[in-house]
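Asker: One structure, pasted below without further comment.
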Amino acid sequence: MNARIQHVELHADDDGLNPGDVMLKVDNVSLSFGGVKAISDISFDILKGEIRAIIGPNGAGKTSMLNVINGFYHPQEGVITFRGKARSRMQPYEAAASGIARTFQNVALFKGMSTLDNIMSGRTLRMHKNFFWQVLHFGPARNEEIEHRLKVEEIIDFLEIQHIRKTPVGKLPYGLQKRVELGRALAMEPDLLLLDEPMAGMNLEEKEDMSRFILDVNSQMGTTIALIEHDMGVVMDISDRVVVLDYGRKIGDGSPEDVKNNQDVIDAYLGVSH
Amino acid sequence: MLYRESGQYKTSYDADQAIFPIREDRIGIAIILAVAVFVIPWFSSDFLLSSIMIPFLILALATIGLNVLTGYAGQLSLGTGAFMGVGAYACYKLTTIFPDVNIVVHILLSGIFSAGIGIVFGLPSLRIKGLYLAVTTLAAQFFLEWCFIRIPWLYNYNASGAIEVPERRGFGDLIVTGPAASPITRYYIVLAIVIVLTLLVKNIVRGRIGRQWMMIRDMDIAAELIGVRPLWAKLSAFAVSSYLAGVSGAMFVFFYLGAAEPSAFAIALSFQILFMTILGGLGSLVGSFFGAAFIWALPIVLRTGLPAIGVNVGAEVVFHVAQMVVGALIILFLIVEPHGLARLWSLGKEKLRVWPFPYA
């Protein structure tokens, strides 16, 4: 890997939490759409510095859980505590401002923009020069743009996507799009990174690359990661703790080993004869 | 051969992020500007200046305005004509109230009024999208047109119901507006305003604000989760777009029409600007110039070109033929090349870059 990466200063903001402290706590959260209960009374926590996997069969409420965490859905009941601050509802951009970044199950890149612009867009909240300077594109605004470009180039180096810097993302193959999307989330320098099926639809090699990136992000940048993934091999290998959902309920929580041997989890995945 | 970027190494991000990073493009734009500034005014007839160049530049600015909103921020609008009207009436009132202030100042200020109105009519965009938003901007179009007719204060209780451009002097004792203003003076002022505003818009769209607009356009949910406030992004697009429309509307009356009735800002103008935007290319500033030039020049080319090849037709027929050609082209472009002439332009440059090795 590139030697420069060792000096990359991409790291989460110092929030006074030590590794192992509770970063995000979900308490008795319930979410329903009309009569459909997507999530019922779920509690779990995410510790700073860990890789936390959320798994479960299709329709278990995993993506809904992520949507609740980053403010896209508002749960009817329950409290979410992020870095010590409790909240029951907030807007997505408030979640972004407080340090939660996210990738999507179906790639949600800005199709009309280049790779570079897509990753630059992740810097939006960290750019502050006002309209006046933006219009003139001179002095502070120009310096700010270059300063953030440096950061973005570090991410491009990290993800090894230098060759597609100027390519419109709509033209990229799926695996690279997923990587650009990770880059966009990393550009936010989040404290908590939510990955919704980062390896869906990838071949073995791409999965290995992506796993390596996730582990590197976690260890080098100190970013806490919560990920949804269906590939059990990957989940068991890279995650520190796993929470298992089924039909909107939590049926298992613990280390990969615990979860693997949990009878409820085995039943949920393999089915059980009644 | 002519157009190569190989060998042009960038050593700073600043150079890489320049508006024209390729040397050939810089030379090209310098030539175009030199022609616009030195050649056209001195070597062309008054007809070319007054009836082609001036309205082309003014409409190109309006097209850029709509492109900011529709092409960059993804909000469809059918109210451009009315927003141009707001600028024109605001400028007329401003110069009535403060006749001694330079008219160029008034023109630049009048855009602020249409920006304000644009923000008000942009508010529904927070709730509704696409075609439904287009219908609310249509409401703006008809409401504002109604105001231009029904509020006599706007046209100084003029018996004809129209605004007539008064003579204003500036820059020494030069006659800038009114029937006595020379085409060259008007051309230079329009050219200067259009160049400066185009440059400023380019600066906006390549920076943080422009990226926010494109984020909202391409994937509004992801944009929100990255921290874009839809309220701010959409309303700022409406404000900038309406500002440009307002300035171009003021120039349209003060430097081109000379006098205007409310019908000058009717829905037909909105559609004309929309067609220029679509044909030129959504989300491209150079495309705005292409689109405006094409649609404005087509009837004139037909009118002078058809008799030249022996086809004698009346002015009415030329007008209808031009409309049919534009209509057919709009359909063709929407199906085959939604990014318009600007896309063809960049494809051409792409081909030229690798010529004669198309697979390189």
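The values are calculated or read from the model by the stated rules, or taken from the named source; none is laboratory data. Just so we're clear, the structure is a prediction, and the values are computed from it rather than from any experiment. Cβ sites come from the backbone with ideal geometry, for glycine too, and all protein chains shown count toward neighbours.
Asker: So A:V107 passes all but one of these: (1) surrounded by 15 or more Cβ atoms within 10 Å (Cβ to Cβ); (2) closer than 25 Å to A:M23 by Cβ; (3) more than 9 Å from chain B (Cβ to nearest Cβ). Which condition number does it fail?
Answerer: (2)
Asker: Can I ask one more? On the given criteria, is A:A101 without any contact (Cβ under 8 Å) to a residue 40 or more places away in the chain, buried (at least 24 other Cβ atoms within 10 Å of the Cβ), within 12 Å of another protein chain (Cβ to nearest Cβ) and closer than 18 Å to A:L193 by Cα?
Answerer: Criteria not met by A:A101.
Asker: Mind listing whichever residues of the range B:167-177 are crowded, with 16+ Cβ neighbours inside 10 Å and either within 19 Å of B:L69 (Cα to Cα) or touching a residue at least 60 places away in the same chain (Cβ under 8 Å) (or both)?
Answerer: Of everything in the range B:167-177, those that are crowded, with 16+ Cβ neighbours inside 10 Å and either within 19 Å of B:L69 (Cα to Cα) or touching a residue at least 60 places away in the same chain (Cβ under 8 Å) (or both) turn out to be B:R168, B:G170, B:V176, B:T177.
Asker: Looking only at helices (runs of 4 or more DSSP H) that lie completely in the range B:1-59, which have at least 1 residues being under 26 Å from B:I295 (Cβ atoms)?
Answerer: B:23-34, B:40-43
Asker: Check B:L78 against each of (1) in a helix (DSSP H, G or I); (2) under 16 Å from the mean Cα position of the chain (by Cα); (3) closer than 24 Å to B:H339 by Cα and name the one condition it does not meet.
Answerer: (1)
Asker: I've got another one for you. Pick from A:G122, A:G61: which is within 10 Å of chain B (Cβ to nearest Cβ) and either modelled with pLDDT under 90 or crowded, with 23+ Cβ neighbours inside 10 Å (or both)?
Answerer: On inspection, the qualifying residue turns out to be A:G122.
Asker: Given the residues A:L125, A:L109, which is the only one that is touching an Asp or Glu at 6+ places or on another chain (Cβ under 8 Å) and within 14 Å of B:R211 (Cβ to Cβ)?
Answerer: One residue alone meets the criteria, A:L109.
Asker: Being over 22 Å from the mean Cα position of the chain (by Cα), loosely packed, with under 13 Cβ neighbours inside 10 Å and not acidic (D, E) is the requirement here; does B:F38 meet it?
Answerer: yes
Asker: Of all residues in the range A:125-142 being more than 7 Å from chain B (Cβ to nearest Cβ) and touching a helix residue (DSSP H, G or I) at 6+ places or on another chain (Cβ under 6 Å), which is farthest from B:I221 (Cα to Cα)?
Answerer: Within the range A:125-142, the match that is farthest from B:I221 (Cα to Cα) is A:P140.
Asker: Whether any residue in the range A:240-248 is among the aromatic types (F, W, Y), under 29 Å from A:G78 (Cα atoms) and surrounded by 15 or more Cβ atoms within 10 Å (Cβ to Cβ) is what I want to check.
Answerer: Yes.
Asker: Determine which single condition A:F82 fails, assuming it passes every other condition in (1) within 16 Å of the chain's Cα centre (by Cα); (2) within 17 Å of A:A38 (Cβ to Cβ); (3) hydrophobic (A, V, I, L, M, F, W, C).
Answerer: (2) is the only condition that A:F82 fails.
Asker: Looking only at the range B:41-73, how many residues end up being of a type in the set (G, A, S) and either surrounded by fewer than 24 Cβ atoms within 10 Å (Cβ to Cβ) or under 21 Å from B:G258 (Cα atoms) (or both)?
Answerer: So the answer is 6.
Asker: Could you list all residues from the range B:279-318 that are more than 22 Å from the chain's Cα centre (by Cα) and part of a helix (DSSP H, G or I)?
Answerer: B:L302, B:R303, B:T304, B:G305, B:L306, B:P307, B:A308, B:A315, B:E316, B:V317, B:V318
Asker: With the checklist (1) surrounded by 19 or more Cβ atoms within 10 Å (Cβ to Cβ); (2) more than 14 Å from chain B (Cβ to nearest Cβ) in hand, flag the one item A:E205 doesn't pass.
Answerer: The one condition A:E205 does not meet is (1).
Asker: Take B:F271 and tell me if it is closer than 23 Å to B:D46 by Cα, in contact (Cβ under 8 Å) with a residue 24 or more places away in the chain and in a helix (DSSP H, G or I).
Answerer: When the stated conditions are applied, B:F271 does not pass them.
Asker: Right, here's the next one. Within the range B:180-206, take every residue that is more than 16 Å from B:S284 (Cβ to Cβ) and either aromatic (F, W, Y) or touching a Lys or Arg at 6+ places or on another chain (Cβ under 9 Å) (or both) and give me the one that is nearest to the other protein chains (Cβ to nearest Cβ).
Answerer: Residue satisfying both the conditions and the ranking: B:Y188.
Asker: Just give me the residues in the range B:144-166 being farther than 26 Å from B:G118 by Cβ and surrounded by fewer than 12 Cβ atoms within 10 Å (Cβ to Cβ), in sequence order.
Answerer: Hits for the range B:144-166 are B:Y157, B:A159, B:S160.
Asker: Here is a list of conditions, (1) charged (D, E, K, R); (2) more than 9 Å from every other protein chain (Cβ to nearest Cβ); (3) crowded, with 19+ Cβ neighbours inside 10 Å, and A:E145 meets all of them except one; can you say which number that is?
Answerer: Of everything listed in (1) charged (D, E, K, R); (2) more than 9 Å from every other protein chain (Cβ to nearest Cβ); (3) crowded, with 19+ Cβ neighbours inside 10 Å, A:E145 misses just condition (2).
To keep it simple, each residue is scored yes or no on (1) in contact with an Asp or Glu (Cβ under 9 Å, 6 or more places away or on another chain); (2) under 30 Å from B:I149 (Cα atoms); (3) modelled with pLDDT of 95 or more; (4) aromatic (F, W, Y).
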| position | (1), (2), (3), (4) |
| --- | --- |
| B:L279 | no, no, no, no |
| B:G283 | no, no, no, no |
| B:F289 | no, no, yes, yes |
| B:I295 | no, yes, no, no |
| B:L298 | no, no, no, no |
| B:R303 | no, no, no, no |
| B:L306 | no, no, no, no |
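Asker: Could you tell me which of the residues A:L109, A:L150 is over 21 Å from A:Q220 (Cα atoms) and modelled with pLDDT of 85 or more?
Answerer: A:L109
Asker: Quick check, is A:G183 at pLDDT 95 or above and out of contact with any Pro (no Cβ under 7 Å at 6 or more places or on another chain)?
Answerer: Criteria met by A:G183.
Asker: Search the range B:232-259 for residues being within 12 Å of another protein chain (Cβ to nearest Cβ) and either of a type outside the set (A, V, I, L, M) or not in a helix (DSSP H, G or I) (or both), and hand back the single one that is farthest from B:A82 (Cα to Cα).
Answerer: B:W232
Asker: Something else about it: Among B:I221, B:I209, which is the only one that is within 11 Å of chain A (Cβ to nearest Cβ), free of Cβ contacts under 8 Å to residues at least 60 places away in the same chain and crowded, with 23+ Cβ neighbours inside 10 Å?
Answerer: Going through B:I221, B:I209 in turn, the sole match is B:I209.
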